[in-house]
Amino acid sequence: MKNSGLELRLAAGSAFLFVLILMAGCSKPAGQTEITKWQYGCNGAVSVTYDDGSINQFRKALPIMNRLKMSGTFFINTGSIPGSTYQGKFIGRPVSQIIKEARSIPTGKENFFERASAARYLGYRGTGDYFTRAGAQMDADRPEEAYKIIDELYKKVNSGELQKLSERKRDDERNDVLTWEMIKEYASQGHEFASHMVTHPYVAALDEVNLMYELEKSKEEILNKLGDKYTFSAECPYGSENERAMVYAHKVYPALRNRMPEPFLEELNRSSRKSAVDPGKEYVQWQRGATTKTPLPMMKAWVDTTANQQNIWLVLVIHGIDGIGWEALKSEDVDEYFQYIRSKENELWVATFGDAAKYMRERMNATVKSSENNGTFNVELTHSLDKSMYDLPLTLKTYVKNRWKVVSVKQGDNKKEINTKRDEKGTYVMYQAIPNSSGIEISSF
Ligand SMILES: [Zn+2]
């Protein structure tokens, strides 16, 4: 009987030892620090983006976002905002020369971009429609079809079939337009405003100088009215992924919703680009979801997938709301949908398009060093990017001593007491840190 009692104690003892070894085997050495994939250690990121600046985005959707403490990104056409310095225009030879030349020379590779760029500024009614249709063909990589459309336009101009445009005065007194005063106020509430070009053109159909005008002048307008924080992101209209135009656009804007240049970003649901991502490596999938025509349950399923996986950045694209704007959503649905996103706030980081892009880039280009000195952990966070542009705090997770319950985290003058948490690797503290700033000190409180 005594013997079996001893045996029992021995068995219990070795089981205890076994557990200890297991814990030591997978426990992180105290001080080890990682940057979490998304802010606050969330599983995924969601960016709510709006195009074209139609008025109900601000009257209906923005108040819902404010109520739920969500920040959105609004891609605006700067030329249509009252008081803007830069309007749409054609830069090049006098249009009369171009019109005259079209009488004898058919539209082709050599003259298409000039003729298409001038198309909306010929001084006749209805020419914008030809430009848009030709642009869609260029975007779809059907240049011959685009040439035909532009040829047809110039033929009609030359045969006098189109009505001359009369001087139309801009009506800046209308009360249903977005103004810079409104934009400044919404920006101060935490929303991002970004370029959707000056006149909402098909960038694929513009020649270099007119394309650069749309890219640079919309940026300059936003810079002068709002400041350089808002010149980070852009969206070339119609979701263009035209190779030639994207090269120019990436020179002007660090982040394009059309396409991001990162090799670690794998696009979901876009057939036009093959995945170059090695799934074994660090990567993020980004999914752009056009909410128009999509049933609410499917839109919610995107959110579920993003919340349950580790590597998805869901970028929602919204146009019209309550009858105003392209393929308008109902604001009740928008409200229900945003509440659904918010209900997963432990899993999802809702961030502007620019902030999500910045977080990802900072994380990928960051170096974290940690050391221990007299029971205090010192962590240094630096990155190699442009420091004035990439100043978003990152979320760090530092493993501390197993017995620590509350720790003090100090960076510069900023000091916080934070409760530790445990995961399978050990006891850790999660906190936000500003890169390229003072070192972070972590000690038991
Ligand atoms: Zn648009």
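Only one of 45, 24, 15, 30 is over 34 Å from the mean Cα position of the chain (by Cα) and modelled with pLDDT of 60 or more; which? Step through it out loud before you land on a result.
Details: 45 fails: over 34 Å from the mean Cα position of the chain (by Cα); 24 fails: modelled with pLDDT of 60 or more; 15 fails: modelled with pLDDT of 60 or more.
Of 45, 24, 15, 30, the one residue that is over 34 Å from the mean Cα position of the chain (by Cα) and modelled with pLDDT of 60 or more is 30.
Is it the case that residue 121 is outside the structural domain of residue 246 (by TED's automatic domain parsing) and part of a loop (DSSP other than H, G, I, E, B)?
The answer is yes for residue 121.
For segment 229-243, give me the residue count where each residue is more than 16 Å from the ligand (Cβ to nearest atom), at pLDDT 95 or above and assigned to a helix (DSSP H, G or I).
Of all residues in segment 229-243, those more than 16 Å from the ligand (Cβ to nearest atom) come to 229-232, 243.
Within this subset, residues satisfying the condition of being at pLDDT 95 or above are 229-232.
Going one step further and asking which of them are assigned to a helix (DSSP H, G or I), we end up with 229-230.
Total satisfying the criteria: 2.
Starting from segment 310-326, take each residue that is touching a residue at least 12 places away in the same chain (Cβ under 8 Å) and list its partners that are more than 15 Å from the ligand (Cβ to nearest atom) and among the β-branched types (Val, Ile, Thr), counting only C-beta distances under 6 angstrom and pairs at least six apart or across chains.
311/284; 312/306; 313/284; 314/46; 314/306; 316/48
If you check residue 415 against the conditions, is it exposed (fewer than 13 other Cβ atoms within 10 Å of the Cβ) and either at pLDDT below 95 or out of contact with any Pro (no Cβ under 9 Å at 6 or more places or on another chain) (or both)?
yes
Which condition from (1) touching a strand residue (DSSP E or B) at 6+ places or on another chain (Cβ under 8 Å); (2) more than 16 Å from the ligand (Cβ to nearest atom) is the one that residue 61 breaks?
Every condition holds for residue 61 apart from (2).
Read through the list (1) among the small types (Gly, Ala, Ser); (2) touching a residue at least 60 places away in the same chain (Cβ under 8 Å); (3) in contact with a Phe, Trp or Tyr (Cβ under 6 Å, 6 or more places away or on another chain), then give the number of the only condition that residue 218 fails.
Only one criterion is unmet by residue 218, namely (3).
What number of residues in segment 322-336 are away from the ligand (no atom under 16 Å from the Cβ) and within 12 Å of residue 54 (Cα to Cα)? Can you show your working first?
Start the filter on segment 322-336 by keeping residues that are away from the ligand (no atom under 16 Å from the Cβ), which leaves 322-323, 330-336.
Subsequent filtering for residues that are within 12 Å of residue 54 (Cα to Cα) retains 322-323.
Going through segment 322-336 one residue at a time, the tally reaches 2.
Could you identify the single residue in 248, 186, 213 that is away from the ligand (no atom under 16 Å from the Cβ), among the hydroxyl-bearing types (Ser, Thr, Tyr), at pLDDT 95 or above and within 18 Å of the chain's Cα centre (by Cα)?
Testing whether each residue is away from the ligand (no atom under 16 Å from the Cβ), among the hydroxyl-bearing types (Ser, Thr, Tyr), at pLDDT 95 or above and within 18 Å of the chain's Cα centre (by Cα) leaves just 186.
Looking at the structure I just gave you, is residue 147 touching a Leu at 6+ places or on another chain (Cβ under 9 Å) and buried (at least 16 other Cβ atoms within 10 Å of the Cβ)? Outline the logic, then answer.
Values: touching a Leu at 6+ places or on another chain (Cβ under 9 Å): no; buried (at least 16 other Cβ atoms within 10 Å of the Cβ): yes.
Here the answer is no, as residue 147 does not meet what is asked.
The values are calculated or read from the model by the stated rules, or taken from the named source; none is laboratory data. This one's a predicted model, so the numbers in the text were calculated from it and none came from an experiment. Glycine gets a Cβ as well: all are built from the backbone with ideal geometry, and neighbour counts include every protein chain shown.
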